[in-house]
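Novice: My questions all concern the structure below.
The values are calculated or read from the model by the stated rules, or taken from the named source; none is laboratory data. If you're wondering where the values come from, they're calculated on a predicted model, not measured in any experiment. Ideal geometry is used to build each Cβ from the backbone, glycine not excepted, and the neighbour counts take in all protein chains shown. Please note that ligands, DNA and RNA were not included when accessible areas were found on the heavy atoms of the full protein model with its side chains. Shrake-Rupley method; radii C 1.70, N 1.55, O 1.52, S 1.80 Å.
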Amino acid sequence: MKKLQDLASFVAAEFQKSYGRPPRWIAAAPGRVNVIGEHTDYNDGFVLPMAIEFYSVMAADRPVDGREVITLRSTLEPEVATIDLSRPVVPGVPKWGNYPRGVVAGFLARGIQPGGLEVLLHSTVPLGSGLSSSAALEVCTATLLEAVTGSTLDPVEKALLCQKAEHDFAGVPCGIMDQFISALGREGHLLLLDCRTRKTEIVPLQDPSVALLIINTNVKHELSGGEYAERRAQCEEAARNLGVKSLRDVNVEQLEKGKSKMRDLVYRRARHVIGEISRTVSAVGSVRQSDWPAVGRLMYASHVALRDDYEVSCPELDAVVKIAESIGEQGGVYGCRMTGGGFGGCCVALVKASSVDGITKKIASDYKVRTGITATIFSSRPAAGATVLRG
Ligand code: ADP
Ligand code: MG
């Protein structure tokens, strides 16, 4: 929370610099890391993310001239984004403005008029690293608009509005996880999300003896771009072969029985998804019992399946997991896995809190030796979801 107050002071000062007066409203929404449950969302499965202590923050006031325009300035982008409320709100340039544009469109579609605004935004969630700076930006915008208009949305509706903004305005066909955790996260808790029913359950993770480390490989492999769509199609093919609506409806035994009905590649994709859904449910039980070695084993198993069956890892992510394994439980690492869509981005590790500094140094130096790249590593406790800090 301390961090968040400091951040509010920082954006207030930046707002003052840009617009020459203090802001009337300040809102924040966190990024996230997915502890386990990867590539399960579009298979109607479970995910287990947590909000991290890194945020998108917005400071705002009404424009002095009363114009019906929303002006957004980012500390991280040179171009100013504007939304003219006297016209239909459609995607445009700069591209980054499409995330807030989509959210404004969602409010307008519900008959909620935001009115003109001057906004200054900042993010401590690194952009494009798989920690969902995009969802943080959307949920932050929605939270700011709630404060400004006095119309509070149901948090689930708010998350869905933000997801639609990402689909329709940013052109990213994302699942529901990122916006849900950013909107609904609770301090000291993971969030189990059933992507089929959209039901959520908070799972306490408050044992001070453990921490989560996020290791950014600082690589993002440019692939042909079709990998995500290809994996989705393969999962649909597997479900069709098995005669079910989605892979959520199948357990491991049923998959084995149906193995002959599908291509080997499709079988392996399905094996990851079905295994991952069951690992996620098991992880919740183990977190509830503070059985950290068991959670760690599930994380390693998740990585192996993502690497070998789902084939979405990369040498840098694998290097981090190998280093984590070499440190082992004796050195304070319970488990480690790639997190996010894959092909770069971050790993998440469950570690002993007392060993965080030593593990961070060891991973950083070994990763540098193995890859020649400097990783960015930080720890976070499970943070709270979106909040209004002023107004
Ligand atoms: P991720 O969500 O993993 O960080 P994305 O590619 O989905 O990666 O989203 C990153 C994009 O979100 C950036 O390229 C930018 O367009 C936008 N964005 C997020 N935060 C900000 C910010 N504070 N200022 C400007 N743009 C931002
Ligand atoms: Mg994103």
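Novice: For region 226-292, what number results from the quotient of the Cα radius of gyration and 2.2 N^0.38 Å?
Specialist: 1.24
Novice: Let me ask you something else. Pairs of alpha-carbon atoms within less than 8 angstrom and 6+ residues apart define the contacts here; what relative contact order does region 210-380 have, in percent?
Specialist: Reported relative contact order: 34 percent.
Novice: Let me ask something else about it. Under the definition of Cα pairs under 8 Å and six or more residues apart, what whole-number percent is the relative contact order of the chain?
Specialist: 23
Novice: Give the aspartates and glutamates whose C-alpha is closer than 20 Å to that of K261, dropping any in the same chain fewer than 8 places away, or say none.
Specialist: Cross-link targets: E230, E236, E237, D249, E253, D309.
Novice: Strictly over 31 Å apart at the Cα level, which of K259/K362; K3/K352; K3/K368; K95/K368 would you flag in this model? Write down the numbers at each step before the final one.
Specialist: Working: K259/K362 42 Å; K3/K352 22 Å; K3/K368 29 Å; K95/K368 34 Å.
Over 31 Å apart, Cα to Cα: K259/K362; K95/K368.
Novice: Here's a follow-up. Order these peptides, 307-313, 353-359, by their mean beta-carbon neighbour count within 10 angstrom, highest first.
Specialist: Values: 307-313: 18.6, 353-359: 15.7.
Highest mean packing first, the order is 307-313, 353-359.
Novice: Please report the accessible area of C314 (heavy atoms, 1.4 Å probe, ligands and nucleic acids excluded) in Å², nearest 10.
Specialist: 10
Novice: Please compute the per residue accessible area over region 255-343 with all protein chains in place, 1.4 Å probe, rounded to a whole number of Å².
Specialist: 38
Novice: Which whole-number percentage describes the relative contact order of region 143-253, with Cα contacts under 8 Å and a sequence gap of 6 or more?
Specialist: 12
Novice: Would you please give the FRET efficiency between S282 and T197, computed as 1/(1 + (r/R0)^6) with r the Cβ-Cβ distance and R0 = 22 Å, to the nearest 0.05?
Specialist: Given R0 = 22 Å and the Cβ-Cβ separation, E is 0.70.
Novice: Another question about this same structure. Can you tell me how much longer the chain between S326 and V252 gets when fully stretched, taken as 0.36 nm per residue apart minus their C-alpha distance, in nm with one decimal?
Specialist: 23.6 nm
Novice: Mind ranking 122-130, 45-53 by how tightly packed they are, going by the mean number of other C-beta atoms within 10 angstrom, highest first? Provide the component values of the computation, followed by the final result.
Specialist: Details: 122-130: 19.8, 45-53: 25.8.
Packing proxy ranking, top to bottom: 45-53, 122-130.
Novice: Provide the gained length on full extension for the span E157 to S290, in nm with one decimal, where the gain is 0.36 nm per separating residue minus the Cα-Cα distance.
Specialist: Result for the pair: 44.6 nm of gain on full extension.
Novice: May I ask for the angle, rounded to the nearest 10°, between helix 98-109 and the longest principal axis of the chain, with both axes built from Cα atoms and the value confined to 0 to 90°?
Specialist: Roughly 70 degrees, rounded to the nearest 10.
Novice: Over what distance in Å are the Cα centres of region 210-225 and region 252-330 separated?
Specialist: 17
Novice: Can you give me the convex hull volume of the Cα atoms of region 202-357, divided per residue and expressed in Å³? Display every interim value, and only then the final one.
Specialist: Working: hull volume 19.0 nm³, N = 156.
Dividing the Cα hull volume of region 202-357 by its residues yields 122 Å³.
Novice: The chain: percent of C-alpha pairs farther apart than 33 Å?
Specialist: More than 33 Å apart: 32 percent of the Cα pairs in the chain.
Novice: If you don't mind, another one. Using only the alpha-carbon atoms of region 32-187, report the extent along each of the three principal axes, biggest first, to the nearest angstrom.
Specialist: In descending order, the Cα extents are 49, 31, 29 Å.
Novice: Another question, then. Under a cut-off of 17 Å between alpha-carbon atoms, report the lysines in cross-link reach of K199, not counting same-chain residues fewer than 8 places apart.
Specialist: Once the sequence-local lysines are set aside, what remains near K199 is K158.
Novice: Sort largest first and round to whole Å: the equivalent ellipsoid semi-axes of region 281-391, each the square root of five times a Cα gyration tensor eigenvalue. Walk me through the intermediate numbers first.
Specialist: On the way: eigenvalues 100, 68, 57 Å².
For region 281-391, the semi-axes come out at 22, 18, 17 Å.
Novice: Additional query: Quick one: with all protein chains in place, what share of the accessible area of the chain is carbon or sulfur, to the nearest percent (1.4 Å probe)?
Specialist: 51
Novice: Starting from the 7 Å offset along Cα-to-Cβ, what nm value, one decimal, do you get for the label separation of L76 and L127?
Specialist: About 0.6 nm separates the two model spin labels.
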